[in-house]
Amino acid sequence: HDGRPLLLAGLWTSVHTGKQKGTSASGDVGEPEMLHTFTVLTTNACPKLRWLHHRMPVILWDVALALDWMRCPSPKLLMEIDRVAGKDRPGLAWHPVTKRMNDSRYRGLDCRTAIKVERAPSVA
């Protein structure tokens, strides 16, 4: 771990749900209820990860490039981001974790703990 942030490309927005938050006893309507959403953009998996899945998050390895994109997105910057998004990086590491991580509500302390994967004997 080199202390730098791991920047993932994504989209974020807030939309009105059509509901109001809390109405007071005097009948005053509260502020509009908002739904906040986020999605992580993906790209073709780099060679090191293709055994696991054909897609992977778009990782913005260059902080300056990410800041430039947030300040003033352009087709030229998009091409540069796309060029480096699916590349192998020496700092990219992974390990198997508990299957409980498949549940987005899971918050256990073992969520980053590496597990040993037992291989089933071959039936061939």
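Would you mind finding the one in LEU60, LEU65, LEU7, LEU49 that is among the aliphatic types (A, V, I, L, M), surrounded by 13 or more Cβ atoms within 10 Å (Cβ to Cβ), touching a helix residue (DSSP H, G or I) at 6+ places or on another chain (Cβ under 8 Å) and closer than 22 Å to THR113 by Cα?
Details: LEU60 fails: closer than 22 Å to THR113 by Cα; LEU65 fails: closer than 22 Å to THR113 by Cα; LEU49 fails: touching a helix residue (DSSP H, G or I) at 6+ places or on another chain (Cβ under 8 Å).
After ruling out the rest, the residue left standing is LEU7.
Which residue pairs have Cβ atoms closer than 9 Å, lie 6 or more positions apart in sequence or on different chains, and pair a first residue in the range 68-85 that is in a helix (DSSP H, G or I) with a second residue that is open to solvent by less than 70 Å² (accessible area, probe 1.4 Å) and among the β-branched types (Val, Ile, Thr)?
TRP69/ILE81; ILE81/VAL58; ASP82/THR43; ASP82/VAL58; VAL84/ILE59; ALA85/THR43; ALA85/VAL58; ALA85/ILE59
Read through the list (1) at pLDDT below 85; (2) under 30 Å from GLU118 (Cα atoms); (3) open to solvent by 80 Å² or more (accessible area, probe 1.4 Å), then give the number of the only condition that ARG83 fails.
Here ARG83 clears every test but (2).
Could you check ARG50 against (1) among the charged types (D, E, K, R); (2) farther than 20 Å from PRO5 by Cβ; (3) touching a residue at least 12 places away in the same chain (Cβ under 8 Å) and say which number it fails?
Going through (1) among the charged types (D, E, K, R); (2) farther than 20 Å from PRO5 by Cβ; (3) touching a residue at least 12 places away in the same chain (Cβ under 8 Å) one by one, ARG50 breaks only (3).
The values are calculated or read from the model by the stated rules, or taken from the named source; none is laboratory data. Everything numeric in this text was worked out from a predicted model, so none of it was measured. Backbone-built Cβ (ideal geometry, glycine too); neighbour counts: all protein chains shown. Remember, those area values only see protein heavy atoms, side chains included, never the ligands or the DNA or RNA. Shrake-Rupley method; radii C 1.70, N 1.55, O 1.52, S 1.80 Å.
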